[in-house]
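Engineer: Sharing a structure with you now.
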Amino acid sequence: MFNATAKSKPSLVSSMQAYVVKVNAQGKEYRQPAKLTEPGQVIEYNLTYSNQTKKTLSGLVVSGPIPANTRYVPDSAKTGVASELLVSIDGGATFEREPVRRQQKMANGQLKTVIIPPEKYTNLRWKVKQPIAALGRQLYSYRVKVK
């Protein structure tokens with residue numbers, strides 16, 4: 001005897017698209033799908049999370065990498081969703097609020113608090129406070145500059 005079960009549909013579907021940000025002759029920004037990148041180009045990542053169920057989903061944590069040979073564009077992380085932005089400087093092992101501060105030993109032996117610049121960020125994370133509505137979606141974006 002065989003027991004057939006229907007494949008279950010995932011409750012949450014995510015996607016990430018990369019676009020090269022360009023400026024036209026009138027000074028207006030536009031985006032094109034990123035296929036190849038060159039030094040100096042700005043890349044915008046768009047992350048979409050879609051709820052496939054008829055129930056709200058909560059507890060979402062949205063993460064985005066900052067690829068090697070790029071640097072985060074300060075203040076470019078955007079969403080219309082109630083959330084807290086966290087950043088990582090250690091490949092995603094830990095996350096914290098901006099500005100990231102560290103104690104650094106100076107030449108004279110004293111410790112000084114320094115702010116780690118955004119170009120040292122390796123990952124971003126949104127700690128989402130707002131559930132995704134039934135059959136709804138949430139959008140997040142951020143930019144990096146190619147070194």
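The values are calculated or read from the model by the stated rules, or taken from the named source; none is laboratory data. Because the structure is predicted, anything quoted here is derived from the model rather than measured. Cβ coordinates were reconstructed from backbone atoms using ideal geometry, including for glycine residues, and neighbour counts include every protein chain displayed.
Engineer: Modelled with pLDDT of 95 or more and more than 27 Å from Gln138 (Cα to Cα), is that true of Arg71?
Structural biologist: no
Engineer: Quick one: which of Lys35, Lys54, Lys9, Lys22 is of a type in the set (Lys, Arg) and under 23 Å from Lys129 (Cα atoms)?
Structural biologist: The match here is Lys54.
Engineer: Does Thr37 meet the test of being surrounded by 10 or more Cβ atoms within 10 Å (Cβ to Cβ) and at pLDDT 95 or above?
Structural biologist: Considered against the rule, which asks whether it is surrounded by 10 or more Cβ atoms within 10 Å (Cβ to Cβ) and at pLDDT 95 or above, Thr37 comes out as no.
Engineer: Can you confirm whether the range 126-141 contains a residue that is modelled with pLDDT of 95 or more, buried (at least 18 other Cβ atoms within 10 Å of the Cβ) and under 18 Å from Val42 (Cβ atoms)?
Structural biologist: Among the residues of the range 126-141, at least one is modelled with pLDDT of 95 or more, buried (at least 18 other Cβ atoms within 10 Å of the Cβ) and under 18 Å from Val42 (Cβ atoms), which makes the answer yes.
Engineer: Next up: I'd like the residue in the range 25-51 that is part of a loop (DSSP other than H, G, I, E, B) and of a type in the set (A, V, I, L, M) and, out of all such residues, is farthest from Val146 (Cα to Cα).
Structural biologist: The residue in question is Ala25.
Engineer: Out of all the residues in the range 100-112, is one or more modelled with pLDDT of 95 or more, under 20 Å from Val20 (Cβ atoms) and either out of contact with any Cys (no Cβ under 7 Å at 6 or more places or on another chain) or not in a strand (DSSP E or B) (or both)?
Structural biologist: No: the range 100-112 contains no residue that is modelled with pLDDT of 95 or more, under 20 Å from Val20 (Cβ atoms) and either out of contact with any Cys (no Cβ under 7 Å at 6 or more places or on another chain) or not in a strand (DSSP E or B) (or both).
Engineer: Does the range 40-51 include one or more residues that are charged (D, E, K, R) and surrounded by 11 or more Cβ atoms within 10 Å (Cβ to Cβ)?
Structural biologist: The answer is yes, given that some residue of the range 40-51 is charged (D, E, K, R) and surrounded by 11 or more Cβ atoms within 10 Å (Cβ to Cβ).
Engineer: Among the residues of the range 91-143, which ones are aliphatic (A, V, I, L, M), over 13 Å from the mean Cα position of the chain (by Cα) and within 30 Å of Lys55 (Cβ to Cβ)?
Structural biologist: Ile132, Ala133, Ala134, Leu135
Engineer: Among the residues of the range 52-70 satisfying the criterion of being surrounded by 12 or more Cβ atoms within 10 Å (Cβ to Cβ) and among the hydrophobic types (A, V, I, L, M, F, W, C), which is nearest to Lys147 (Cα to Cα)?
Structural biologist: This residue is Ile66.
Engineer: Here's a follow-up. May I ask you to list the residues in the range 14-34 that are of a type in the set (Val, Ile, Thr) and surrounded by 12 or more Cβ atoms within 10 Å (Cβ to Cβ)?
Structural biologist: Within the range 14-34, Val20, Val21 qualify.
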